[in-house]
1. Being among the polar types (S, T, N, Q) and under 22 Å from Gly210 (Cβ atoms), is that true of even one residue in the range 37-51?
2. Could you check Ala135 against (1) within 13 Å of the ligand (Cβ to nearest atom); (2) not charged (D, E, K, R); (3) not in a loop (DSSP other than H, G, I, E, B) and say which number it fails?
3. Scan (1) within 16 Å of the ligand (Cβ to nearest atom); (2) over 21 Å from Glu66 (Cβ atoms); (3) part of a helix (DSSP H, G or I); (4) among the polar types (S, T, N, Q) for the single condition Gln100 breaks and write down its number.
4. For the range 1-23, name all the residues that are surrounded by fewer than 20 Cβ atoms within 10 Å (Cβ to Cβ) and in contact with a Pro (Cβ under 6 Å, 6 or more places away or on another chain).
5. Where residues in the range 96-147 are in contact with a Phe, Trp or Tyr (Cβ under 7 Å, 6 or more places away or on another chain) and free of Cβ contacts under 8 Å to residues at least 60 places away in the same chain, which of them is surrounded by the fewest Cβ atoms within 10 Å (Cβ to Cβ)?
6. Among the residues that make up the range 24-43, is at least one of them surrounded by fewer than 18 Cβ atoms within 10 Å (Cβ to Cβ), among the polar types (S, T, N, Q), free of Cβ contacts under 8 Å to residues at least 24 places away in the same chain and assigned to a helix (DSSP H, G or I)?
7. Can you name the residue in the range 167-201 that is among the β-branched types (Val, Ile, Thr) and in a loop (DSSP other than H, G, I, E, B) and is also surrounded by the most Cβ atoms within 10 Å (Cβ to Cβ) among such residues?
8. Can you pull out the residues in the range 1-45 that are charged (D, E, K, R), over 17 Å from the mean Cα position of the chain (by Cα) and under 19 Å from Cys110 (Cα atoms)?
Amino acid sequence: MPYAPFVIVTATTEIIRGVSRVRVNEAYTDALSAFGLIPVVLPPVNAVAATAALADVAGLVLTGGEDLDPKFFGEEPHTATGAPHHARDTYELALARRAQELRVPTLAICRGIQVMNVALGGSLIQDLPSQHKSAIDHAPDGKRAERVHDIRLKSSSRLAEIFGSRDVRVNSSHHQAIAHVAPVLAATAFTDDSVIEAVEPRDPAWWMIGVQWHPEELTATPEDWDRRLFHAFADEVRDTSRD
Ligand code: MN
């Protein structure tokens, strides 16, 4: 049955003015709406409900946020690792695994690329500043929507095809990154300091792009790379919703 291009957007919960509330940055839902998709913000529900919801939509966006609990990749927390959000970890890991099983078109952003990688068997560097020292600052203050470092894409990647270029510049707001890449994924973008900035599935039948930067903050820049990314995702979601 045809359905509208609904996309699940994951969210966190946060105590604001004394009350626990569901929260997601409007930049995500604005970007999706701008490209013709209908964002459906899904709060951290249990894994059964989350995966049931995924069967009735045409796309998934795993959003940025808290550090993932390192127990999911078999490590104790580093001193710089933030307190985990158990409900969010549980439902996003379940969504990521089911998205791979059902081949749901997925855009996995910042924390999202990390969740996807861990859900499929990979691991993370818990703190770049102390565990991967380099000249590149991956979390410069107050520059959320500025392109602050270069990345180089693999020529064979879906991302390079979308961008029409192997060399782009992105924003950066992360202190963690992928360590070991999950077996079903391949790293497709790197910085000069060898931090993984994008992954894609080895199976080309599944449209999934994970990015370590925040494309939703870059849709109004002179460079059109991030608009191209949302456009490609929207095309794929619309094709899926018409199947
Ligand atoms: Mn970065």
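No lab work stands behind these numbers, since they all come straight from the coordinates. Predicted, not measured: the structure shown is a model, and the values here were computed from it. So basically every Cβ, Gly included, is an ideal-geometry build from the backbone, and we count neighbours across all protein chains shown.
1. Looking only at the range 37-51, we keep the residues that are among the polar types (S, T, N, Q), and these are 46, 51.
Now narrow it down to the ones that are under 22 Å from Gly210 (Cβ atoms): 51.
Yes: the range 37-51 contains one or more residues that are among the polar types (S, T, N, Q) and under 22 Å from Gly210 (Cβ atoms).
2. Tallying (1) within 13 Å of the ligand (Cβ to nearest atom); (2) not charged (D, E, K, R); (3) not in a loop (DSSP other than H, G, I, E, B), Ala135 fails exactly one: (3).
3. (1)
4. Answer for the range 1-23, where residues must be surrounded by fewer than 20 Cβ atoms within 10 Å (Cβ to Cβ) and in contact with a Pro (Cβ under 6 Å, 6 or more places away or on another chain): just Val22.
5. Restricting to residues being in contact with a Phe, Trp or Tyr (Cβ under 7 Å, 6 or more places away or on another chain) and free of Cβ contacts under 8 Å to residues at least 60 places away in the same chain, the top hit is Ser123.
6. Checked the range 24-43: at least one residue is surrounded by fewer than 18 Cβ atoms within 10 Å (Cβ to Cβ), among the polar types (S, T, N, Q), free of Cβ contacts under 8 Å to residues at least 24 places away in the same chain and assigned to a helix (DSSP H, G or I).
7. Of the residues in the range 167-201, the ones among the β-branched types (Val, Ile, Thr) are 168, 170, 178, 181, 184, 188, 191, 195-196, 199.
Those still in the list that are in a loop (DSSP other than H, G, I, E, B) too: 181, 184, 191, 195.
On the way: Val181: 18, Val184: 15, Thr191: 19, Val195: 22.
Out of the qualifying residues, it is Val195.
8. Taking the range 1-45 and keeping what is charged (D, E, K, R), we get 14, 17, 21, 23, 26, 30.
Imposing the further condition that a residue be over 17 Å from the mean Cα position of the chain (by Cα) reduces the set to 14, 17, 21.
Listed by number, the list holds a single entry, Glu14.
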